[in-house]
1. Can you find a residue that is under 16 Å from residue 64 (Cβ atoms) and either surrounded by fewer than 20 Cβ atoms within 10 Å (Cβ to Cβ) or over 15 Å from the mean Cα position of the chain (by Cα) (or both) anywhere in the stretch 1-12?
2. Of all residues in the stretch 124-156, how many are within 14 Å of the ligand (Cβ to nearest atom) and touching a helix residue (DSSP H, G or I) at 6+ places or on another chain (Cβ under 9 Å)?
3. Here are 75, 40, 57: which of them is part of a loop (DSSP other than H, G, I, E, B) and in the same structural domain as residue 109 (by TED's automatic domain parsing)?
4. With respect to residue 160, is the statement that it is within 15 Å of residue 210 (Cα to Cα) and either modelled with pLDDT of 95 or more or within 16 Å of the ligand (Cβ to nearest atom) (or both) true?
5. Among residues belonging to the stretch 40-55 that are within 11 Å of the ligand (Cβ to nearest atom) and under 19 Å from the mean Cα position of the chain (by Cα), point out the one that is farthest from residue 120 (Cα to Cα).
6. Do we have any residue at all in the stretch 56-67 that's within 16 Å of the ligand (Cβ to nearest atom) and farther than 22 Å from residue 13 by Cα?
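The values are calculated or read from the model by the stated rules, or taken from the named source; none is laboratory data. Every value quoted in this text rests on a predicted model; they were computed, and no experiment measured them. We place every Cβ from the backbone using ideal geometry, glycine too, and count neighbours over all the protein chains shown.
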Ligand code: BEZ
């Protein structure tokens with residue numbers, strides 16, 4: 001059955017460029033990002049893996065572990081990493097899963113045969129410290145992902161896990177948040193001492209609580 005938000009991220013043990021990894025043990029108490037690539041030695045994937053390497057400190061700051069996957073074997077990944085480092089001016093600093101038998105790709109439903117024959121589509125899974133899936137994104141092979149957006153969602157998820165807020169369209173770290181409908185008006189002053197503004201009874205903003 002297809003995975004859905006809130007499901008437990010399926011566990012697996014796999015060979016990676018940083019040794020054998022049991023996914024849940026490797027995640028520990030961290031947040032996690034698992035992102036897939038159609039194939040090694042392809043242009044868009046090369047830029048994506050390089051971009052991720054260059055912003056890895058941002059994920060580390062947020063206690064997020066990152067792991068990539070493509071269906072090619074380990075030797076291929078190792079050679080490709082040299083190319084990524086050379087062409088993208090980076091050092092790939094996270095593991096890449098080798099999945100030639102498509103075991104992990106199948107578990108995560110990353111092969112969409114009507115879109116891309118025998119390769120994984122560009123999937124992104126954000127996984128919480130509770131091992132539950134918090135976000136799933138699926139991009140076509142021809143469109144490289146926006147890694148700033150993935151960081152933005154991590155910020156939103158971590159904030160909304162801690163406070164009774166949601167984040168509006170195009171929200172960015174530091175901007176006002178929406179008070180969730182479950183919070184009664186009379187609870188707002190104690191829960192959101194920084195203040196609030198009510199636009200409609202269901203649309204109430206407050207400054208970002210943890211800033
Ligand atoms: C790429 O990463 O450039 C790519 C991979 C598979 C199909 C098309 C493009």
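1. Of the stretch 1-12, the ones under 16 Å from residue 64 (Cβ atoms) are 9.
Next, only the ones that are either surrounded by fewer than 20 Cβ atoms within 10 Å (Cβ to Cβ) or over 15 Å from the mean Cα position of the chain (by Cα) (or both) stay: none.
Within the stretch 1-12, not a single residue is under 16 Å from residue 64 (Cβ atoms) and either surrounded by fewer than 20 Cβ atoms within 10 Å (Cβ to Cβ) or over 15 Å from the mean Cα position of the chain (by Cα) (or both).
2. Residues that pass the stated criteria total 5.
3. Values: 75 fails: part of a loop (DSSP other than H, G, I, E, B); 57 fails: part of a loop (DSSP other than H, G, I, E, B).
Only one candidate passes the filter, namely 40.
4. On the way: within 15 Å of residue 210 (Cα to Cα): yes; either modelled with pLDDT of 95 or more or within 16 Å of the ligand (Cβ to nearest atom) (or both): yes.
Considered against the rule, which asks whether it is within 15 Å of residue 210 (Cα to Cα) and either modelled with pLDDT of 95 or more or within 16 Å of the ligand (Cβ to nearest atom) (or both), residue 160 comes out as yes.
5. So in the stretch 40-55, the residues within 11 Å of the ligand (Cβ to nearest atom) come out as 40-49.
This time we only want the ones that are under 19 Å from the mean Cα position of the chain (by Cα), so: 44-49.
Numbers: 44: 13, 45: 11, 46: 15, 47: 17, 48: 15, 49: 15 Å.
Top of the filtered list is 47.
6. First pass over the stretch 56-67, keeping only residues within 16 Å of the ligand (Cβ to nearest atom): none.
The answer is no; no qualifying residue exists.
Residue-by-condition table, conditions (1) touching a residue at least 40 places away in the same chain (Cβ under 8 Å); (2) in the same structural domain as residue 57 (by TED's automatic domain parsing); (3) more than 16 Å from residue 66 (Cβ to Cβ); (4) surrounded by 14 or more Cβ atoms within 10 Å (Cβ to Cβ):
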{"position": "83", "(1), (2), (3), (4)": "yes, yes, yes, yes"}
{"position": "96", "(1), (2), (3), (4)": "yes, yes, no, yes"}
{"position": "100", "(1), (2), (3), (4)": "no, yes, yes, no"}
{"position": "107", "(1), (2), (3), (4)": "yes, yes, yes, yes"}
{"position": "135", "(1), (2), (3), (4)": "yes, yes, no, yes"}
{"position": "176", "(1), (2), (3), (4)": "no, no, yes, yes"}
{"position": "185", "(1), (2), (3), (4)": "no, no, yes, no"}
{"position": "194", "(1), (2), (3), (4)": "no, no, yes, no"}
